[in-house]
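Engineer: Pasting a structure here, questions to come.
The values are calculated or read from the model by the stated rules, or taken from the named source; none is laboratory data. Please read all numbers here as calculations on a predicted model, not as lab measurements. In this analysis, Cβ positions are derived from the backbone assuming ideal geometry, glycine residues included, and neighbour counts consider all displayed protein chains. All accessible areas refer to the heavy atoms of the entire protein, side chains included, with ligands and DNA or RNA removed. Shrake-Rupley method; radii C 1.70, N 1.55, O 1.52, S 1.80 Å.
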Amino acid sequence: MTGFKTPLRIAGGVALASLLLALPAIAQDAAPAEEMVEAAASVAPDVVFILNTLLLLIGGFLVFWMAAGFAMVEAGMVRTKNVSMQLLKNISLFAIACLLYYLVGYNLMYPLGNWAIGSDETGGFLGAFGIAVLEAVGITADQADDISYAATSSDFFFQVMFCATAASIVSGTLAERIKIWPFLIFTVVLTGLIYPIQGSWKWGGGFLDSQFGFLDFAGSTVVHSVGGWAALAGALLLGARRGKYNADGSVNAMPGSNMPLATLGMFILWLGWFGFNGASQLAMGSVGDVADVGRIMANTNAGAVGGALAAMVLTAIIYKKVDLTFVINGALAGLVSITAEPLTPTLGAATLIGAVGGIIVVLAVPMLDKLKIDDVVGAIPVHLLAGIWGTIAVVFTNPDANLGGQLISIIIVGIFTFVVSFVIWFILKATIGLRPSAEDEDLGLDKAEVGVEAYPEFK
Amino acid sequence: MTGFKTPLRIAGGVALASLLLALPAIAQDAAPAEEMVEAAASVAPDVVFILNTLLLLIGGFLVFWMAAGFAMVEAGMVRTKNVSMQLLKNISLFAIACLLYYLVGYNLMYPLGNWAIGSDETGGFLGAFGIAVLEAVGITADQADDISYAATSSDFFFQVMFCATAASIVSGTLAERIKIWPFLIFTVVLTGLIYPIQGSWKWGGGFLDSQFGFLDFAGSTVVHSVGGWAALAGALLLGARRGKYNADGSVNAMPGSNMPLATLGMFILWLGWFGFNGASQLAMGSVGDVADVGRIMANTNAGAVGGALAAMVLTAIIYKKVDLTFVINGALAGLVSITAEPLTPTLGAATLIGAVGGIIVVLAVPMLDKLKIDDVVGAIPVHLLAGIWGTIAVVFTNPDANLGGQLISIIIVGIFTFVVSFVIWFILKATIGLRPSAEDEDLGLDKAEVGVEAYPEFK
Amino acid sequence: MTGFKTPLRIAGGVALASLLLALPAIAQDAAPAEEMVEAAASVAPDVVFILNTLLLLIGGFLVFWMAAGFAMVEAGMVRTKNVSMQLLKNISLFAIACLLYYLVGYNLMYPLGNWAIGSDETGGFLGAFGIAVLEAVGITADQADDISYAATSSDFFFQVMFCATAASIVSGTLAERIKIWPFLIFTVVLTGLIYPIQGSWKWGGGFLDSQFGFLDFAGSTVVHSVGGWAALAGALLLGARRGKYNADGSVNAMPGSNMPLATLGMFILWLGWFGFNGASQLAMGSVGDVADVGRIMANTNAGAVGGALAAMVLTAIIYKKVDLTFVINGALAGLVSITAEPLTPTLGAATLIGAVGGIIVVLAVPMLDKLKIDDVVGAIPVHLLAGIWGTIAVVFTNPDANLGGQLISIIIVGIFTFVVSFVIWFILKATIGLRPSAEDEDLGLDKAEVGVEAYPEFK
């Protein structure tokens, strides 16, 4: 996703070119046959619009599916007494993200030049407020021409799913010891303000895009690291689960309760990622665009493969056993790593970029434990650390990227997200409180807050 | 889905128009360049056919996926001793639905004017009998022109999945206390006769469509309430599970055995619904059609969001805890509510329509318990009550709808489905019997009838 | 899938024809209006390329999803103590398949005439070695023209998923008693050499295609029976699970631990199969192609329906109970059976072809037990036996098929795969050994090799 408006220009260019090619060929009687044939061979503007819209719709339902993936990974990685809570949070955060992105986020993120602070030229910093509006029922081709390169409805449908993805990342890290309401209130701020504001800086054509040449195709930084920073801020203020870390520095394993669910979740996320990255091309109305979508999907798969294999080999070396949870997180880290630039790498480079992501996860998880940062599902290594790595790795395969622009953008997005998130978490902690009582935590949040046990007959 | 033939006319119109535009421009040497360009900009008839067909195929596989969603929701909501039976019923009913719809249902539902009783003009009441036939392998564009606006095979593939959906609704309500064979025999009648006959009244161009101006875009009434009425008739004759209701009027909770499965099922259904509603546009061969598909998908999502959030807030208020099962059913009720008209609402209206659906579920579930109607998964509130609400709500956003036509159609479909279903259930009860023995029910149907325990090692 | 090059010729033909039709109509001033209109009505070459590519991408992500299906079926069918291992193997084998297919397999399977041994004319036997290379970023229509009928990237994305499918089949049969490393080493050979080499004989235009007129549309033999033969060879050398067969010939049931997972896996595979078969048409850029894709999807569904119903009825007759695991495997066998020819049958014929597959499974499972071949998930009946049946059944509906060519191809592919697999398994057994120690097997592979229990709290 190179910004909302870039593909408009590209796709519009294709359509215009075909019209320009066609125009003289028809107006002048003596038009050479070749030109006419070339025009006939190209894609009619309406078809471009239809195909671009279709890509966003397919991408949208695939990214929607990732919500189920997060829910299953997290439900599988927590203990049985907190499973219903984790499921509830995943449904609720998705619903809140969609509502807030409709009410505030979409216009804030894609101001189309109407910046509240800044401008496309000088650098946009804060987008416009307003609710998302879909185009009229049954628009005509002429009206569509005035709108954009694809149906607004499909763009909203696609983008709203990215907002929900960012929020999904947070819930895994903070699992098993956060009350539901502070979590949901934070989600309101994250999806209504934090995510769309920083998203506008790149994808809305804001200052990171226009001033720093920041490249982040589908969101290693804009989506994944943002979720990771927000989770990290929460984890620091929330503290670890009771009994996780001993005074002597040793760690009590609290194994996930359902590995098939976690594995299913990984496969769901992997599938959804083909839409996440593939449809971020935002266009398939030309031969070049659709071939690029194909490259992206193949590379996305290669990134996951690299991450899974690297985690498999590395855990076999370090721990003498192949740890399933690391392989799951390795694949996910590979996916995050390839997300900033899934187009330009070769299949081999994509595999290597993903492999580094997998290695990062295997090394970072024990490191976090040493720092006593309790990340229940490993979301910080997977989404934040691999997200940073993927954003840096753009420079290895895309000649348009510059390391300075990538690094400064990572830092600016990181500081903004971490600081604002920290402040929000802090206010919530100081007011309604973040943690349930020790008794409730020991009892499990399913009984304490949800009233529905996940597996009432399995104990 | 505004009837099989309506989109034929619309899409055919687009194609014809482009031909008519092209024709004079070519025949007359002095054709104005603008017209020619306009023709070149529009979508070639073959492309319209391809795109419409593609929409139905994508929609078809997404609606297929809902079969897995029903299976998972129901398997998660029943007790462990009846899980295998519930899975078995969901596979079997899907297979029976597909077979019967092929043998009888498809032609009965879409008689294309060949009514056994009635006609398109006077109002059709009973369609034609005959098996479904796909077009020849490798049809040419000319042959396709004679057939319809999309491949018959894709239309069959899409429609058969709706028939299976209607049948899926029934199995959840009657879970844990019905023998397999009477259930499957009822499914034969439902999918071979009840569903397609009433379906023909609206979508086949029958009397509800032609005489009452009934509007039901994707089936709040035609699919969901039909499943709900059939389930209600069965539940009344079948009675509650043993031990569910005490003599003093109190209710024994029989909690579902696996919340992750139920949640997964909800996500699957939510995903499938994008095809259920989105592809019911039946066409994406024009700018207007594809933009409408986008609107529909975005609104469908908003409906689910509204239902989930409303159920979340309302259960928090009423029960002081956020009940996961209500949130799941709230999202589903939101989806059912937006199904009768997912196109004309704004995103805000769609959210509100869904929210009312979620409220209905939270209020209706205890009401059914008071009436001692034992609906194991809440299918009656979700599919019947929210289906009725959604069908009425059409009048709020679609100016073509009239309240009288909506109400009378709801009533006619309801009486027909309920009465015929009741008679069938009654005959089954009087002959082979509906319920297993008390011993078998206490033992669990998995051991008694299936011979395969769902979780043999988990107790 | 009728070979990589066949659709190139067909689709190229369509595109060329439309150009040829357009050319004179434009060059000559007096071109008849009808021809011009016909050209305008047809699909522009760029659109053909885009649509074909899109089909392969949709097909690719659907077939990817089958990896999750295999993982869930197998995790549900093994005992709890080996679930994590089974999940780990399914992720790992998928990753290895993708890596090896990239490094070796793709070029070996589709040599595009560059045979190391043989030629297209005389019959190709061994393809070319080399890594898979995707086309450049942002190719133009002219460059695409030189490449093929669809983006290479999309073709790779689609084909690599088939390779992984073949490998997935093996892991189920050998579950619960094979160490991870020999299994993964075998997977390297299977996906890097065995699968692509035999695949080249048919789909790469090799000798089975050119000399024997072998027809296998989407791989009943090329994919499914290959997985089945490799699994059979492994099962013979590996032996049965400890305690499975008693000295007196009786069999100890070792029931699967999680039926909802197994059912979910079946639904996932069923969904993925719409891409497996549907996108094997390899083209949807014409009315005929897209209508064929629709036929294929409808028939694929019918095959599964036939298999499920046949297994349901037959187990009810034989065992007096309807066995869920047989219904699951019946549906899958129906899918395998219709895979060799999903296009030419009518819906009725497709249902019957699938039904025979379901019957084969019900009869073959106890037969294998009599032979003391321990096939944990029933992959040999489902993929090998139904695969052979489906390949033979092509002759009933496709007049281009000849029984001799089908049989000899089944035999050649079978002997090659079985013998090479047997040798590899034998070497592995003789060197690093295939089986864990008896203690480890009794303990369960999750504790012994993976270090992660699947359900740590459920016992």
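Engineer: Give the share of C-alpha pairs in each 5 angstrom bin for region C:189-310, from 0 to the last occupied bin, in whole percents, shortest bins first.
Structural biologist: 2, 8, 12, 14, 17, 17, 13, 8, 5, 3, 1, 0, 0
Engineer: Which value at 222 nm does chain A reach when only helices count, each DSSP H run of 4 or more adding -39,500 (n - 2.57), with the total divided by all residues and rounded to the nearest 500 deg cm²/dmol?
Structural biologist: -21000 deg cm²/dmol
Engineer: When Cβ neighbours within 10 Å are restricted to other protein chains, what is their mean count per residue of peptide A:93-104?
Structural biologist: Average neighbour count from other chains, rounded to a whole number: 5.
Engineer: Order these peptides, A:263-275, C:440-452, A:329-341, A:193-205, by their mean beta-carbon neighbour count within 10 angstrom, highest first.
Structural biologist: In decreasing order of mean packing, A:263-275, C:440-452, A:329-341, A:193-205 become A:329-341, A:263-275, A:193-205, C:440-452.
Engineer: For the interface of A with C, what's the total buried accessible surface in square angstrom, probe 1.4 angstrom, rounded to the nearest hundred?
Structural biologist: Heavy-atom accessible area buried at this interface is about 5400 Å².
Engineer: What Rg and what Dmax come out for region C:317-459 when only alpha-carbon atoms are used, in angstroms?
Structural biologist: Just the Cα atoms of region C:317-459 yield Rg and Dmax of 19.3, 58 Å.
Engineer: For the protein assembly as shown, what does the accessible surface come to per residue with a 1.4 Å probe? Please give it in Å².
Structural biologist: On a per-residue basis, the protein assembly as shown sits at 28 Å².
Engineer: To the nearest whole number, what is the average tally of beta carbon atoms from other chains within 10 Å of the beta carbons of peptide C:442-449?
Structural biologist: For this peptide, the per-residue mean of nearby foreign Cβ atoms is 1.
Engineer: On the protein heavy atoms, probe 1.4 angstrom, tell me the percent of accessible surface of the protein assembly as shown carried by carbon and sulfur.
Structural biologist: 66 percent
Engineer: So what's the angle, to the nearest 10 degrees on a 0 to 90 scale, between helix C:83-100 and the longest Cα principal axis of chain C?
Structural biologist: The angle comes out at about 30 degrees.
Engineer: Looking at region B:249-357, which trypsin sites (Lys or Arg not before Pro) are in a loop (DSSP not H, G, I, E or B) and have at most 11 other Cβ atoms within 10 Å?
Structural biologist: Within region B:249-357, the qualifying trypsin sites (Lys or Arg not before Pro) (loop, at most 11 other Cβ atoms within 10 Å) are B:Lys320.
Engineer: Report P(r) for chain A: all Cα-Cα distances, bin width 20 Å, range 0 to the bin holding the largest distance, values in whole percent.
Structural biologist: Answer for chain A: a P(r) of 25, 54, 17, 3, 0 percent.
Engineer: Taking the Cα centroid of region C:340-357 and of region C:443-459, what is the distance between the two, rounded to the nearest whole Å?
Structural biologist: Here the answer is 42 Å between Cα centres.
Engineer: Can you list the copy-to-copy distances for B:Pro366, using a point 7 angstrom from Cα toward Cβ, in nanometres, shortest first?
Structural biologist: Once sorted, the set of distances for B:Pro366 reads 5.4, 5.4 nm.
Engineer: Further, regarding this structure: Buried by at least 30 Å² relative to the chain on its own: which residues of region A:301-326 qualify, computing accessible area with a 1.4 Å probe on protein heavy atoms?
Structural biologist: Buried by the other chains: A:Asn301, A:Val305, A:Leu309, A:Met312, A:Lys321, A:Val322, A:Leu324.
Engineer: Something else about it: Net charge near B:Val395, counting Lys/Arg +1 and Asp/Glu -1 over other residues with Cβ under 14 Å of its Cβ?
Structural biologist: -3
Engineer: In nm, what does the list of distances from B:Ala438 to its counterparts in the other copies look like, shortest first, when each label sits 7 Å along Cα to Cβ?
Structural biologist: 5.0, 5.0
Engineer: I would also like to ask the following. For A:156-169, what's the mean count of beta carbons from other chains sitting within 10 Å of each residue's beta carbon?
Structural biologist: Shielding by partners across A:156-169 averages 2.
Engineer: With every protein chain present, what accessible area does A:Lys372 have (1.4 Å probe, heavy atoms only), rounded to the nearest 10 Å²?
Structural biologist: 100 Å²
Engineer: Tell me the relative contact order for region A:110-181 as a rounded percent, counting alpha carbon contacts under 8 Å between residues six or more apart.
Structural biologist: It rounds to 16 percent for region A:110-181.
Engineer: Which order do B:Phe129, B:Phe70 take when ranked by solvent-accessible area (1.4 Å probe, heavy atoms of all protein chains), largest first?
Structural biologist: Final ranking, largest accessible area leading: B:Phe129, B:Phe70.
Engineer: In bins 10 Å wide, starting from 0, what share of all Cα pairs of the protein assembly as shown does each bin hold, as a percent?
Structural biologist: All Cα pairs, binned at 10 Å, distribute as 2, 9, 19, 24, 23, 15, 6, 1, 0, 0 percent.
Engineer: Restricting to Cα pairs below 8 Å that are 6+ residues apart, what does the relative contact order work out to for region C:5-450? Please round to a whole percent.
Structural biologist: 22 percent
Engineer: For the rotation taking chain C to chain B, which residue of C has the Cβ nearest the axis, and how many Å away is it?
Structural biologist: C:Phe458, 3
Engineer: Of A:Lys202/A:Lys429; C:Lys89/C:Lys202; A:Lys179/C:Lys81; A:Lys321/C:Lys244; A:Lys320/C:Lys429, which pairs sit farther than 23 Å apart, going by alpha carbon to alpha carbon?
Structural biologist: A:Lys202/A:Lys429; C:Lys89/C:Lys202; A:Lys179/C:Lys81; A:Lys321/C:Lys244
Engineer: Another one. How large is the convex hull of the Cα atoms of region B:251-398 per residue, expressed in Å³ as a whole number?
Structural biologist: 99 Å³
Engineer: Ordered by packing density, taken as the mean number of other Cβ atoms within 10 Å over each peptide's residues, highest first, how do B:219-230, C:104-115 rank?
Structural biologist: B:219-230, C:104-115
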